[in-house]
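Below is one structure, written out as structure tokens; the observations come after it.
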Amino acid sequence: MADLIGAELATRTLPLSGFHGGSAAAALSVAAPATRISLRAKPDAVAALSGALGLSLPTKAKTSASSNGRHALWLGPDEWLVIDENEADLIAAVASSNMLHSATDISHRNTAIIVKGRGAAVAINGGCPQDLSLAAFPVGACSRTVLAKAEIVLLRTAEDTFRVECWRSFSPYVSTLLAEAAEDAGN
Amino acid sequence: MLLIYCPYCEEERSELEFRQAGDAHIARPTNMTEMTDEDFEAFFFLRDNVKGLTFERWRHLNGCGRFFNAARDTVSDKFLTTYKAGLPRPDLSTLRPATEATVETYEATESNAK
Amino acid sequence: MSGANRIPGAGRLTPAKTARFFFDGKSYAALEGDTVASALLANGVHLVGRSFKYHRPRGIVSAGAEEPNALIGVERDAARKQPNVRATVQDVFDGMKVISQNRWPSLAFDVGAVNNLLAPFFAAGFYYKTFMWPKQAWKHVYEPQIRAAAGLGVSPTEDDTDHYSSRYAHCDVLVIGAGVAGLSAALAAAKTGARVIICDEQPEVGGALHYDKSVTIDGQDGYSWAQATAANLAKMDNVTVLPRTTAFGYYAQNFVGLNERVTEHLAKPDKKLPRERLWQVRAKRVIIATGAIERHMVFANNDRPGIMLASAARTFLNHFGVAVGKKVGVYTANDSAYEAAFDLKRAGITIAAIVDSREQPGEAVLAEARSLGIEVMVGYGVVDTGGKLRVSSMSVARNGGGSSRKIAIDALLVSAGWTPSVHMFSQSRGKVAYDAETQRFLPGTYAQDCLSIGACNGTNDLQATIEESLAAGELMSNASGYTAPEKLALQGVNAFSWTGGMAGAAEGAGPDTTVKAFIDFQNDVCAKDIRLAVREGMHSIEHIKRFTTNGMATDQGKLSNIHGLAIAAETLGREIPKVGLTTFRAPYTPVTFGTLINHSRGELFDPTRKTPMHALEEAQGAVFEDVGQWKRAWYYPRAGEDMHQAVNRECKTVRDIAGIFDASTLGKIEVVGPDAAQFLNLIYTNSWDTLKPGRCRYGIMLREDGFVYDDGVVGRMAEDRFHVTTTTGGAARVMNHMEDYLQTEFPHLNVWLTSATEQWAVIAVQGPKAREIIEPLVEGIDLSNEAFPHMSVREGKVCGVPTRLFRMSFTGETGFEVNVPADFGPAVWAAISERTEALGGCAYGTEAMHILRAEKGYIIVGQDTDGTVTPDDASLGWAVGKKKTDFVGIRGLRRPDLVADGRKQLVGLLTKDPAVVLEEGAQIVANPNQPLPMTMIGHVTSAYWSENCGRSIALALVAGGKGKIGQTLYVPMPDKTIAVEVSDMVFFDKEGGRING
């Protein structure tokens, strides 16, 4: 029976596989797979964890740090969402800090939709009550918030681009709502 | 829809991101097993349901996730202040009364706010 | 020609741009830009509806949102029928179908008009007094009859095919209303750089400039200035100009709801466009520039078609180029109506007379009337009118009585003065103050960061309005830190300053009790009704409003409030401010359900959550059930099987061979940190210190009151890491419950919680052949009973991907739960499914899962418990750590009532007739022959047909149940009484050997 093992390595089935849509004002696409961890730690571990991750963990609300496809988003006073678009082993990275922390793999829990275009903010405001003007939500700003009846995490990666993270089972709802709102953002 | 100032995020956010979580400043006793029935009743079941100033807990559920405390007027539905969990009740004499009939003109509102 | 009453050269519409529409099936011509009201009037149609109660013929009263009478239905197709549209705000589009309302069989001949003859019986409070006896008749006779007769318009019966959108927006300054005041304020605010949103309910900005042609601003015609200003504002990046957009609700902290009508005026709207768009605006400051609404005069038979507000007639003439009559009378208590007469006269219309109830009209307008040769009757009143479906005469008499003179007319313009539109201010919870001199309520005490300007603030003079508005725009921007680069100045000039105005009943409105002098056209409330209400003891304006229905429905007091209040005050012998004002409520004008719901319909009504394996299960023929937001595979019918047969087969197959089940929806929480075990000790009744890494334990969680809150299996992955599972429905609230205790009661513990529900796809493999099924797919884990006993967890690989493999069972069979990162779920499910079927097993759904667990007496929290069940009640006392000194619920469990005898306890029930399956929720009694009402001692919580037991099984909560084992109890049903024997909760494999197979 041993020959069965690994004969066919299980393949990944991505949520929203192949999804793209939106409008000329706000184009929607699904982000590539990434590794993600929910990182929790106390203030005394921030410096060592920053060193281990190769970026400065943000300690101010609504801010993020990015470096070489790796993003650390402030979600709460002891909570960060760390995303690595190069799919590096983030659990191992933070373990090397040797400081007290909690890291839980949520790479498959979340998925992300990229909203890009002059109407990107308007499209997201179709369901998100936050002020997404550049003054209130500049490039690099991030926040856990709501999109109508779903929870999302927003990260502004450029003036006209947002990364919208949500739990995988909410992704059809989030993408459908964003598609409707993106259409309307063009009007 | 209210705006609520989250003391952890340090800004006002839409009520949609928050959940109310009952009365504040009710500490869970450390001697649970030694409590009398009357003490347990007072701790767990009895609440005042005040008309006016109330201290209550909120959670920034779809935000930073933190529980925090708020002083709110149940008549005007206005928040007087919010503060981090674990902090004592704030000195309310330093806070502006939140009744509706406090100003007579808009200009007075402006000068009060500054 | 777009209607015989269109005056060449008048108005702002383009004669070449025509459209045709249908009113009650008859085709009419219109111009682009017409409202239904202006187009009907252009064609000489004044009769547009029947009143609500008396079915009196009614015409167009206004030219705006305050219209009480001209409510119409607009039909695009079978699914798109909008009732109660105000004809005065609905644009005409080519091919539009308009129908009148509240009439049968036709508008001109209406059977319901008999109500008018029966009017003496329909006095105020009629319903309250009449339909009281006999009691039963209310339900079977009165209510159905009243309901059939009541209501305005007809709702569509098909699904709405339009779509609607929603948008949150933020700004520094929101300006409500785009007349002179609103535009000036928006301009001043915009120039500072502040973010500005300005909205107006009309298709075009301008407000009163629509009718007041005498205005020039900075030398430019007022209306043209307004359009140019709006166009300039729209070009600015920091400004959003929203015409056709009504601010309908003003809520806490400057949160204002706007309703933008996007396609309502288009004949063939682009399908991509939403019909309406809801704007939820959060403004740092709000400027209210909502203007004023003209009041009608209250006198006998003042409701005939052709009687309308003077300013409306000016709008129809000066904006739409339509004359509302050929021989027009004017009845006024205010100078403004004179200007309507002047404009009409200059357009060649005959003015029969201006009847002014005042002894001293404004001198300027009086002089102008004389120079135009218009007869003015000073100190006179219109005491009655004539005409059946349109006004044909007015009877005029000197104030104080005497003989009356009948004058032939075909339209009558009325004005009792102007009511500042304080709706938005009042909705913001600001307090209005009464100005006795001008007899009006004005903004008094502000409750929010807003400011009223212009006519709604009682500012009459044009230049004063402009200056007040420019200052307001700047001041409101300052609040956000913006300052004006330069002072703006605008010069406004208009023809006349207006004086006058009255509130309440005019000459000829009583005091007798038969005259119909209407104050609220929409609700058919007359002056006499208010007096009657007062006589019958209603002394509060709130009581008077409800007794008479004055100012209810869509009117919300726009026209009727001040008149009703003045008459009430007079009858009560009190000052108006002492009587008080009723509350202005949102919405200002009706908002469609579609707009309020906007995106939240169909698949966006609520998130539908699907597991990673959903598509595969669908391909395997699964029927799904809703479990909260989740879709879960319920059962997998094969060809020819009904649900019962499929479930029986699935249950049998699991016990005979094996089954595969999607358990992904179970809540999962990763509990990590050096104090993780200590934290779980406090959250669960069980003790976790003794649980070794690699082992699992079933845990019970209580609320502080001692009742079961949730349950689940917890696996210890490492000294400082636990994999906690919760019920599917409990996932979110258990996470919240744990966070609550961690953050606020036990913040000293070094532990963190992360929701991992969706990180893992969970595939349960249960049955005698479960091990054989997964063995070839698993790498790095010894699956033997000795190395991997029941209630263990290991990490390794399955199908080459990482897994957390649990040895556990919710069926009582040998079982595994394969956890893999969610994206791998489908591939691993496919591999395990293939193995399962090759060995004769099958996939099973939630129904079979429920039966299999019930056969073993495993409870489902929320089904077999209801928030009043203790662990002991559920025979789970063993899971409560006896030596523990604290956990959530430890004190609650010791409350006297929770340890008393006779509590409801969970037991098994076996029907005497094994073929009978009980109904869940059915009540249980000890003696079926006792008199009604019977003493109920418990209820059935779970009941199934068990194919494996060959009989029905049930679980029930029964008072003192554990002491009744072996006794016979009864379940009375509507058609029969079912005898049952109380048993223990385990129906299958009582020894429990199979689980360790």
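The values are calculated or read from the model by the stated rules, or taken from the named source; none is laboratory data. Worth saying up front: this structure is predicted, and the values here are computed from it rather than measured. Cβ atoms come from the backbone with ideal geometry, glycine included; neighbour counts cover every protein chain shown. We work out accessible area using only protein heavy atoms, side chains counted, and drop any ligands, DNA or RNA first. Shrake-Rupley method; radii C 1.70, N 1.55, O 1.52, S 1.80 Å.
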Yes or no: region C:757-769 includes at least one residue that is open to solvent by less than 30 Å² (accessible area, probe 1.4 Å), under 44 Å from the mean Cα position of the chain (by Cα) and away from chain A (no Cβ under 14 Å).
yes
Filter region C:263-319 down to residues that are closer than 17 Å to C:Pro68 by Cα, outside any loop (DSSP other than H, G, I, E, B) and of a type in the set (Asp, Glu), then give me how many there are.
1
Residue in region C:248-256 that is within 14 Å of chain B (Cβ to nearest Cβ) and touching a His at 6+ places or on another chain (Cβ under 7 Å) present
no
Looking only at region C:373-387, and only at residues there that are touching a strand residue (DSSP E or B) at 6+ places or on another chain (Cβ under 8 Å) and not β-branched (Val, Ile, Thr), the one that is farthest from C:Ile407 (Cα to Cα):
C:Gly379
Strands (runs of 3 or more DSSP E) wholly in region C:333-452 with at least 1 residues that are under 30 Å from C:Arg282 (Cβ atoms) - which ones?
C:417-420, C:431-435, C:440-445, C:450-452
Residues of region C:384-400 that turn out to be farther than 20 Å from C:Ala313 by Cα and open to solvent by 40 Å² or more (accessible area, probe 1.4 Å), as a count:
5
Can you give me the number of residues within region C:159-194 that are part of a loop (DSSP other than H, G, I, E, B), touching a helix residue (DSSP H, G or I) at 6+ places or on another chain (Cβ under 9 Å) and farther than 13 Å from C:Ile287 by Cα?
7
Could you please tell me which pairs satisfy a Cβ distance under 8 Å, a separation of 6+ or placement on different chains, a first residue in region C:525-536 that is charged (D, E, K, R), and a second residue that is part of a helix (DSSP H, G or I)?
C:Asp529/C:Thr548; C:Arg531/C:Ile567; C:Arg531/C:Thr571; C:Arg535/C:Thr571; C:Glu536/C:Phe547
Tell me, please, whether a residue that is more than 23 Å from C:Asp172 (Cα to Cα), open to solvent by 30 Å² or more (accessible area, probe 1.4 Å) and in contact with a Pro (Cβ under 9 Å, 6 or more places away or on another chain) can be found in region C:213-225.
no
Which ones in region C:36-60 are farther than 18 Å from C:Arg103 by Cα and either open to solvent by 10 Å² or more (accessible area, probe 1.4 Å) or over 34 Å from the mean Cα position of the chain (by Cα) (or both)?
C:Leu41, C:Ala42, C:Asn43, C:Gly44
Screening C:Arg304, C:Arg275, C:Arg314, C:Arg285 for residues that are open to solvent by less than 10 Å² (accessible area, probe 1.4 Å) and of a type in the set (Lys, Arg) leaves only C:Arg314
Need pairs with beta-carbon distance below 8 Å; first residue without any contact (Cβ under 8 Å) to a residue 12 or more places away in the chain and within region C:930-947, second part of a strand (DSSP E or B); sequence gap 6+ or separate chains.
C:Thr935/C:Val925
Qualifying residue in region C:690-703 (condition: touching a residue at least 12 places away in the same chain (Cβ under 8 Å) and at positive phi):
yes
Candidate set from region C:889-910 (those that are touching a strand residue (DSSP E or B) at 6+ places or on another chain (Cβ under 6 Å) and either in a loop (DSSP other than H, G, I, E, B) or not hydrophobic (A, V, I, L, M, F, W, C) (or both)); member that is nearest to C:Val713 (Cα to Cα)
C:Gly889
Within the bounds of region A:156-163, is there any residue that is more than 7 Å from chain C (Cβ to nearest Cβ), more than 20 Å from A:Arg36 (Cβ to Cβ), of a type in the set (Phe, Trp, Tyr) and open to solvent by less than 20 Å² (accessible area, probe 1.4 Å)?
no
Of (1) at the interface with chain C (Cβ under 8 Å from one of its Cβ atoms); (2) open to solvent by 40 Å² or more (accessible area, probe 1.4 Å); (3) not in a helix (DSSP H, G or I), A:Val122 satisfies every one except (3)
Name the pairs whose Cβ atoms lie under 7 Å apart, with the first residue in region C:891-906 and within 14 Å of another protein chain (Cβ to nearest Cβ), the second buried (at least 16 other Cβ atoms within 10 Å of the Cβ) and among the charged types (D, E, K, R), and 6 or more positions between them or separate chains?
C:Gly892/C:Glu704; C:Gly892/C:Asp705
Which condition does A:Ala182 not pass, out of (1) touching a residue at least 60 places away in the same chain (Cβ under 8 Å); (2) open to solvent by 10 Å² or more (accessible area, probe 1.4 Å), if it passes all the others?
(2)
Quick one: which strands (runs of 3 or more DSSP E) sit completely within region C:643-741 and have at least 1 residues that are within 14 Å of another protein chain (Cβ to nearest Cβ) and either open to solvent by less than 10 Å² (accessible area, probe 1.4 Å) or out of contact with any Asp or Glu (no Cβ under 7 Å at 6 or more places or on another chain) (or both)?
C:667-672, C:696-702, C:708-718, C:721-726
Considering each of C:Leu876, C:Leu852 in turn, give the residue that is modelled with pLDDT of 95 or more, touching a Cys at 6+ places or on another chain (Cβ under 8 Å) and buried (at least 19 other Cβ atoms within 10 Å of the Cβ).
C:Leu852
Return yes or no: is C:Met717 under 15 Å from B:Leu61 (Cβ atoms), touching a residue at least 60 places away in the same chain (Cβ under 8 Å) and not assigned by TED's automatic domain parsing to the domain that holds C:Leu906?
no
Within region C:810-829, does at least one residue satisfy the condition of being within 12 Å of chain A (Cβ to nearest Cβ), surrounded by fewer than 21 Cβ atoms within 10 Å (Cβ to Cβ) and assigned to a helix (DSSP H, G or I)?
no
Please pick out the residue among A:Ala179, A:Ala88, A:Ala92, A:Ala141 that is closer than 20 Å to A:Gly21 by Cα and either at pLDDT 95 or above or more than 8 Å from every other protein chain (Cβ to nearest Cβ) (or both).
A:Ala179
Just a yes or no: is a residue in region C:320-334 under 18 Å from C:Gly177 (Cα atoms) and not assigned by TED's automatic domain parsing to the domain that holds C:Asp77?
no
Among the residues of region A:125-146, what is the count of those that are in contact with a helix residue (DSSP H, G or I) (Cβ under 8 Å, 6 or more places away or on another chain), assigned to a loop (DSSP other than H, G, I, E, B) and among the polar types (S, T, N, Q)?
2
Name the pairs: first residue in region B:28-43 and closer than 14 Å to C:Asp886 by Cα and more than 7 Å from every other protein chain (Cβ to nearest Cβ), second residue in a helix (DSSP H, G or I) and at pLDDT 95 or above, Cβ to Cβ under 8 Å, at least 6 apart or on different chains?
B:Pro29/B:Asp39; B:Pro29/B:Phe43
For region C:830-844, which residues satisfy the criterion of being more than 10 Å from chain A (Cβ to nearest Cβ) and either aliphatic (A, V, I, L, M) or in contact with an Asp or Glu (Cβ under 7 Å, 6 or more places away or on another chain) (or both)?
C:Ile832, C:Ala838, C:Leu839, C:Cys842, C:Ala843, C:Tyr844
